[in-house]
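The values are calculated or read from the model by the stated rules, or taken from the named source; none is laboratory data. Not measured: the values here are computed from a predicted model. Backbone-built Cβ (ideal geometry, glycine too); neighbour counts: all protein chains shown. What goes into the accessible areas is simple: the full protein's heavy atoms, side chains included, and nothing from ligands, DNA or RNA. Shrake-Rupley method; radii C 1.70, N 1.55, O 1.52, S 1.80 Å.
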Amino acid sequence: MIDGIDAFVAVYVFMLAAFVGNEIISKVPVVLHTPLMSGSNFIHGIVLVGAMVALGHAETQLEQVFGFIAVFLGAGNAAGGYVVTERMLEMFKTKKKNKDSGEKK
Amino acid sequence: MTEYIPLLIKVSYFIAAILFIVGLRRMSAPGTAKGGIVWAGVGMVIATLVTFLTPHMENHILILAALGSATIIAWVSGKKVAMTDMPQMVALYNGMGGGSAAFIGAMELYAATQGREMNGIITSLAMVGVLIGGISLTGSLIAFGKLQGLIDKRYTFPGQNIFNGLFALAVIGFGIYTFNHMEAMNLWIFFGGSLVLGFLMTLPIGGADMPVVISLYNAFTGLAVSFEGYVLSNWAMIVAGMLVGAAGTLLTQLMAKAMNRSIANVLFGSMGGDDSAGVDGEQGEMKEIEATDSAIMMAFAERVIIVPGYGLAVAQAQHKLWEMTQMLTENGVEVKFAIHPVAGRMPGHMNVLLAEAGVPYDMIEDMEDINAQFKNTDVSLVIGANDVVNPAARDDPSSSIYGMPILEVDKSKNVIVIKRGRGTGFAGIQNGLFFKDNTKMLFGDAQVAISELIQGLKEL
């Protein structure tokens, strides 16, 4: 199904993405653990597009029900994950401003 | 025109993947964190919009209905929820993602039972995705229930680990059987077994370990998404899912390390279950103190360190706390905040709350930096924190939290503990700190207690 490409290409992509993910997190300060968990939680909301395709190709009623659930859950993951992460990070913005203005004084 | 659409979709997914990586990268540094989520958000919108162009799609109304209703519900609930309840919302949304991946896998496998060609690699990855996505769904729901206070206990029974282990083996074994006998009924049993496994795995885990568990299920969901992405030949899902799978795994390890526990220990150790018996009642008396006396003690201190915990979050008292801190600072008291890596229900939870109240960065110190300062501190004010200041973790090898790094509050000259009741903390372990001679207990809700302290300071 991977468009005729050797399945091993996917394995390489799995591996490279895993290294990138590892590398990005390795130097994160404790302060950002929660927002970052929330942010990565948002990113796997990409499952939504797969759910949309799956529902788009659903034929039987059962598949439609499953697809509907999948799209609903995926969209909830993406939308909720975004809002929550944004609200958490909003506070870091304010804090940074405070700190900056404090240093200038 | 239409022949370019598949290319357009691929290019858009590629751009989305780049935006996710850049977004995640920016989110891991305080200065750029705010913009990071926007980058990732743009990637998500591009990927979602372009997916509508996928050839041969039907059921558009169903897609729009599911997409629209879930987006509105999640958006509104995410906006409305109090800062203090964020951890459980992350758990909930994460479970939804895992569930979505599991349902996709189930759909594709169902098509295979109806005669669609599916090779061995795809079938097995789809099944693994169903398994871990299903675990993530029900496990996260339990985590949500526990943090929300809907499930207030750990459910344990003798031999639970063995039972759960056997159940997990049974599900995996049945999965292998299903792989060889791809029939709808087998598939449903396997799917159901995965969901039950998530319940069973999470029920015995105590609330103190929830951050680690949520992070672990976050990584699970990422992996499930990645595998189902392979099944659907969707590169955006493959890359983004694996990115989160790897980042989430490392994040889980970092969190577990901060608690000096291994992931295996979190999942299979029964923290705070068996040992609560012997210690009770032999520690002497707790000494109560009035709010006005506490206010006087702090006002005339040179150095005060404030240790916030989950109790602060529950009472939403961060603004009051900052108000009190400012009054103390005006009185010439040097005030600092000491934050344990796992204070609250998630690492960084307390930092977020204090930032919300407006506490500047430089007043907040990490555990490593502040521990040496306690012995020069006149008053340590512990607000709704318990296990992270329990000296047993340092002194008592028989305690189940032994070895967990703590804030060494007991070394300061005086300790005032604001606490709602006399019970044990989330880990269910008695805290010797509360019985020490230099410790005074100020019983009450943190919001009320801090208001009284402010009142006391005003009257000076």
Have a look at B:G78, B:G43 and point out the one that is closer than 30 Å to B:G145 by Cβ and either modelled with pLDDT of 95 or more or open to solvent by less than 50 Å² (accessible area, probe 1.4 Å) (or both). B:G78
Could you tell me which of the residues B:I132, B:I189, B:I104, B:I142 is touching a Phe, Trp or Tyr at 6+ places or on another chain (Cβ under 7 Å) and either of a type in the set (S, T, N, Q) or within 14 Å of chain A (Cβ to nearest Cβ) (or both)? B:I132
Taking the residues in segment B:71-94 that are at the interface with another protein chain (Cβ under 8 Å from one of its Cβ atoms) and in contact with a Leu (Cβ under 7 Å, 6 or more places away or on another chain) as candidates, determine which candidate is nearest to B:F179 (Cα to Cα). B:P87
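State the number of residues belonging to segment B:359-399 that are more than 14 Å from chain A (Cβ to nearest Cβ) and open to solvent by less than 50 Å² (accessible area, probe 1.4 Å).
19
If a residue must be assigned to a loop (DSSP other than H, G, I, E, B) and more than 7 Å from chain B (Cβ to nearest Cβ), how many such residues does segment A:58-76 contain? Spell out the reasoning first.
Step one: filter segment A:58-76 for residues assigned to a loop (DSSP other than H, G, I, E, B), giving A:58-60.
Right, trim to more than 7 Å from chain B (Cβ to nearest Cβ) and you get A:59-60.
Qualifying residue count for the region: 2.
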Can you report the number of residues in segment A:10-48 which are assigned to a helix (DSSP H, G or I), among the hydroxyl-bearing types (S, T, Y) and open to solvent by 10 Å² or more (accessible area, probe 1.4 Å)? 1
Anything in segment B:321-358 that is surrounded by 24 or more Cβ atoms within 10 Å (Cβ to Cβ), more than 8 Å from chain A (Cβ to nearest Cβ), at pLDDT below 90 and part of a helix (DSSP H, G or I)? List them, or say none. B:M350, B:L353, B:L354
